[in-house]
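Heads up, the thing below is written out as structure tokens.
Read-outs: derived from the displayed coordinates by stated rules, not from any lab. Fair warning: this is a prediction, and the values are worked out from it, not measured in the lab. Cβ sites come from the backbone with ideal geometry, for glycine too, and all protein chains shown count toward neighbours.
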Amino acid sequence: MMAADTRPRARIALMAIVTLTILWATRVAPAQDSARFEDFIGSFPAAVQARARAVWEAPPSPGVAGDSGTTEVSGGDVSDDDLLASVDGAKKDAVLAQLKELRAQWHTACAERDELVQTTARWTSFAERLKDRDDMGPVYLRALRVVREHQALLQRAEVRIDALKQEIQSRRVGVALDAVSRNFTTGDWLVIIAYLVLTTVLGGLLAGKQASMKDFFLGGRRLPWPAVCGSIIATELSAATFLIVPALVFSAAGDMTYIQLALGTILARFIIGYFFIPAYYEREIYSPYEYMGRQLGPRVKNITTGLFMIGGILAQGARVYIAAKALQVVTGTDVAMSIVIIGVVSIGWTIMGGIATVVWTDAIQFLLFVIGAVAAVAFAATSIDGGLAAITAEAHHAGKFRILNLNLNTHEAYTLWCGLIGFSFLTLASHGTDQLLVQRLFTCKGPGHARKAIVWSSLSQVLTLLLLFVGAAVFVYYRHVPLTASERVVVNADSMKVFAVYIVDVMPPLLSGLLMAAIFAAAISTLDSLLAALSQSTISILYRPFLRPRASERHYIRASRVMVLIWGVLLTAFAIYCDVIARSYTDLIQFALAMAAYTYGGLLGVFLLAFLPTRRDDLGLLWGVPLSMLTVFALSWHQAVPQWIVVVASAILLVQAFRRLRQQPEKILYIALAVLLVLILSLAVVGTTPDGGPVHITLAWPWHFPLATAMTFCLGYLVGNRRPAETVNAR
């Protein structure tokens with residue numbers, strides 16, 4: 001018996017050894033910088049060598065020489081000497097020496113790359129001319145191997161050149177940031193500290209004492225709706241919005257088409273106020289996921305809460321990172337330290353008073369947003385001849401006041417149609433199903449007050465319009481007062497920082513501290529809101545049902561504060577890690593929005609299935625929710641690895657459909673059609689780029705929300721089982 005068991009194992013081991021031996025013998029050996037042709041043909045017969053040499057020495061075809069595309073690394077029109085003009089002598093010499101050494105390495109790497117380009121082009125031409133000659137087959141195969149070796153070397157050379165280029169730019173930006181941050185005075189820091197202390201104390205006093213879970217998570221349902229309205233606005237207008245919206249207008253060809261998105265978000269707030277809120281207020285619930293669970297089953301509550309946690313951590317962590325980047329510009333602290341400061345204050349605010357403290361501090365921050373934006377415009381108007389009239393005239397002449405974009409191109413995000421459709425779905429999900437914002441509506445005295453809070457929060461778009469005008473004012477200001485060398489380097493590296501640079505280098509002391517306090521406040525608002533929501537969700541779906549189901553209210557409050565601390569540490573750590581993730585994205589704002597799209601479609605689709613009279617259970621959501629996330633993923637990523645992820649995930653979902661629904665072939669068909677749609681979105685090639693690369697199906701990010709919502713709702717309805725009328729909870 002032992003011998004019988006051993007023989008197959010021995011055969012497998014022997015086959016593995018033989019396979020490895022063959023692979024080793026036929027491996028591609030590392031190529032040298034230039035493979036000598038004589039060594040290449042030395043092992044072939046003399047007649048073959050003669051024919052190969054004749055092909056090699058023939059004049060190359062036009063265009064075979066290749067193009068290296070080498071360009072000098074620079075900071076636009078700012079030389080190293082100009083950038084370092086304000087730096088002390090010893091430090092200036094050291095930095096100049098470092099930059100000189102890096103540039104020398106870069107030039108050497110470029111020269112090596114250029115030589116590889118020429119050599120690779122010649123070997124490629126040689127292989128192409130041998131391809132159709134039957135008498136040169138072995139030579140052709142070996143030439144192809146040399147071409148692949150040179151292409152690999154060329155790729156490594158390009159990676160090294162890019163790394164050196166990034167290092168040079170990083171050193172230059174570091175010097176520029178240091179020069180800019182010196183304008184942020186001790187008085188400005190005192191303004192920030194005073195603001196944080198004042199709002200902490202005031203928020204705690206206004207929050208009062210929390211004696212129960214209802215007090216901690218719902219504010220006792222006694223908060224005034226204007227405060228809740230201000231909190232909603234402060235939360236949705238994050239530090240990213242406060243900094244990025246002005247930059248959208250300031251940038252080349254920038255305009256105010258972003259404001260078109262306001263149409264959809266205002267429409268959605270009225271729908272939430274008059275339809276969603278009455279359903280939520282029928283019973284005392286702590287999250288929208290409790291409502292969905294009661295309508296569709298307890299499993300749905302866990303699914304939707306999990307979606308909220310994933311989406312919240314990814315999207316809000318990215319927003320905190322963006323705020324920290326701005327703080328790096330104006331304070332000189334590194335990104336990690338800025339994130340830690342934001343995290344510590346946010347944890348303290350949330351632990352101190354629960355949702356009531358969050359709402360009151362957010363309301364104060366909303367007022368600071370408005371004051372800061374108005375102050376930025378006022379200072380620009382008083383700093384140039386002609387004042388506000390000159391700003392308006394010059395910005396209009398430069399096309400900065402363009403608002404409407406009626407283009408039907410689905411690849412453009414800032415169009416009227418994206419605003420009316422895509423952003424309506426986004427706001428229905430973010431303000432109607434996301435615990436981060438819906439929790440605020442639960443703190444009002446009743447559905448009427450909650451309706452007023454959500455509808456009047458449409459005023460946030462007035463603040464957005466004001467921030468767009470700030471961008472126009474900054475644009476006009478810098479036409480009259482050009483950016484300094486350091487400022488140009490910072491803005492050229494990242495135009496998102498232009499408003500932060502304006503705050504520190506242009507605004508007078510103390511006023512710049514006030515505006516930086518607004519950015520701090522926006523980041524803190526983003527994080528403390530999420531901490532309160534994550535803590536409540538954890539207690540509701542995990543701690544209370546499974547760990548301590550019969551504990552006292554005081555115990556649950558203490559446990560909630562512990563959860564706030566745990567989630568705060570995790571979120572702070574993820575925000576720091578975003579510094580690594582950001583390198584894979586051209587725009588961190590797009591990263592945050594992409595993360596929201598993954599989960600918002602699923603959340604809104606589940607809510608609509610629970611809210612509308614569909615009378616379905618949660619069966620279809622087992623496929624609808626993951627396929628909605630795959631839809632967004634398939635539209636966003638078309639590289640080889642993401643495509644394989646889509647294929648494998650789709651196969652798993654199909655297998656599960658056959659296993660669980662084998663007696664219901666029509667439901668398997670619905671799932672198969674949905675899987676086919678996702679595969680088409682991921683794999684279909686609809687054209688080619690000028691350099692011959694494939695063009696895949698893509699859509700502007702606002703369209704991801706209605707598509708993902710439709711995927712979840714349709715599969716939930718078509719695949720879900722019909723429930724008897726008496727089992728459907730009355731709304």
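Remarks
- Cα gyration tensor category, rounded, prolate or oblate, for region 362-407 with a/c compared to 1.5: oblate
- Computed FRET value (nearest 0.05) for residue 494 with residue 551, which takes r as the C-beta separation and R₀ as 41 Å: 0.25
- Couplings 3J(HN,Hα) for region 685-702, derived from phi with the Karplus relation 6.51 cos²θ - 1.76 cosθ + 1.60 (θ = phi - 60°), are 10, 10, x, 9, 7, x, 8, x, x, x, 10, 9, 6, 9, 9, 4, 4, x Hz, where x marks Gly and Pro.
- Amide H within-cut-off set for residue 223, under 5 Å, with H built and near neighbours excluded: 445
- Label-point separation in nm, residue 47 to residue 275, each point 7 Å along Cα→Cβ: 8.3 nm
- Taking amide hydrogens as placed 1.01 Å from N in the peptide plane, the amide H of residue 696 sits under 5 Å from those of 686, each at least 5 positions away in sequence or on another chain.
- Rounded to 0.05, the FRET efficiency of the residue 105 and residue 577 pair, given R0 = 30 Å and the Cβ-Cβ distance, is 0.50.
- Proximity of backbone amide H atoms, modeled 1.01 Å from N, is registered between residue 619 and 721 at under 5 Å, excluding neighbours fewer than 5 places apart on the same chain.
- Phi angles across region 574-580 convert, under the Karplus curve 6.51 cos²θ - 1.76 cosθ + 1.60 with θ = phi - 60°, into 3J(HN,Hα) values of 5, 4, 5, 5, 4, 4, 7 Hz, Gly and Pro given as x.
- Length-normalised contact order of region 613-731 in % [C-alpha pairs under 8 Å, at least 6 apart]: 47 percent
- Extension gain, residue 155-residue 637: 0.36 nm per intervening residue step, less the Cα-Cα distance, totals 171.3 nm.
- Region 540-581, dipole about Cα centre (Lys/Arg Cβ +1, Asp/Glu Cβ -1), debye to the nearest 20: 380 debye
- Remark: the residue 302-residue 282 segment gains 5.1 nm on full extension, using 0.36 nm per residue and subtracting the alpha carbon distance.
- Applied to region 96-107, the Karplus parametrisation 6.51 cos²θ - 1.76 cosθ + 1.60 on θ = phi - 60° returns per-residue 3J(HN,Hα) values of 4, 5, 4, 5, 5, 5, 5, 5, 5, 4, 5, 5 Hz, with x for Gly and Pro.
- Taking a straight line from the alpha carbon of residue 445, these lysines sit under 27 Å away, with near neighbours fewer than eight places off in the same chain left out: 209, 214, 301.
- Point-to-point label distance, residue 410-residue 615, nm (Cα→Cβ direction, 7 Å offset): 3.5 nm
- Label zone at residue 397, where the point sits 7 Å out along the Cα-to-Cβ direction: region 457-478 residues whose backbone N lies under 14 Å: 476-477
- Pairs exceeding 23 Å between alpha-carbon atoms, taken from 100/325; 92/165; 165/325: 100/325.
- In this rough spin-label picture, where each label sits 7 Å from Cα along the Cβ direction, the residue 144-residue 166 distance is 3.4 nm.
- When each of the peptides 241-254, 680-693 is scored by how many other beta carbons lie within 10 Å of its residues on average, the order from highest to lowest is 241-254, 680-693.
- Efficiency of FRET from Cβ geometry, residue 389 and residue 647, R₀ 56 Å, rounded to 0.05: 0.40
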